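Taking it in order: structure first as structure tokens, then the write-up.
The values are calculated or read from the model by the stated rules, or taken from the named source; none is laboratory data. On a predicted model such as this, the values are computed, not experimentally measured, just so you know. Neighbour counts are summed over all protein chains in view; Cβ atoms, including those assigned to glycine, are modelled from backbone coordinates with ideal geometry. The protein model used for the area step is the full one, side chains on, heavy atoms only, and it has no ligands, DNA or RNA in it. Shrake-Rupley method; radii C 1.70, N 1.55, O 1.52, S 1.80 Å.
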Amino acid sequence: SSETFWTTTGMFPQELIIGFPKCVKISKVAIQCYLVRTLRIERSISKDPVGFELCIEKDLQHTEGQLQMEEFPLPDFQATYLRFIIKSAFDHFVSVHRVMAEGS
């Protein structure tokens, strides 16, 4: 539900880690967030959330009063963990409303 969300504590960087039960193939990641300026996505294929490597780093467009919706195609991509790092923001607090990973 986009009515519920995770919010930052006001200082950056902030990170959010999502774990899968096993290593999965991912074809696309999408995120709905608010006031995020720079987003970095990393992955780990380890059993534990360690050894992350950079996948994407992007500056997002400022969308005053509405959610930012970004999709990232990831061909031939595998991950056990995804780490989302909010490096900077357009305000002191930002929110993440939805993270979606498509694949098999």
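Go through the stretch 21-52 and give me each residue that's farther than 19 Å from GLU71 by Cα, open to solvent by less than 50 Å² (accessible area, probe 1.4 Å) and not hydroxyl-bearing (Ser, Thr, Tyr). Talk me through it step by step, then tell me what you get.
Residues of the stretch 21-52 farther than 19 Å from GLU71 by Cα: 21-23, 44-52.
In the following step, the residues that additionally are open to solvent by less than 50 Å² (accessible area, probe 1.4 Å) were identified as 44, 46, 52.
Residue satisfying the conditions is PHE52 alone.
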### Query
Just one of the numbered conditions (1) open to solvent by less than 60 Å² (accessible area, probe 1.4 Å); (2) modelled with pLDDT of 95 or more; (3) part of a strand (DSSP E or B) is not true of CYS55; which one?
(2)
### Query
Quick check: is even one residue across the stretch 44-51 of a type in the set (Val, Ile, Thr) and assigned to a strand (DSSP E or B)?
no
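Could you check the stretch 59-77 and list, in sequence order, the residues that are open to solvent by less than 80 Å² (accessible area, probe 1.4 Å), touching a Lys or Arg at 6+ places or on another chain (Cβ under 9 Å) and not in a loop (DSSP other than H, G, I, E, B)?
First, pick out the residues of the stretch 59-77 that are open to solvent by less than 80 Å² (accessible area, probe 1.4 Å): 60, 63, 65, 67-68, 70, 72, 74, 77.
Cutting the leftovers down to touching a Lys or Arg at 6+ places or on another chain (Cβ under 9 Å) gives us 60, 67, 70, 72, 74, 77.
Listed by number, the residues that qualify are GLU70, PHE72, LEU74, PHE77.
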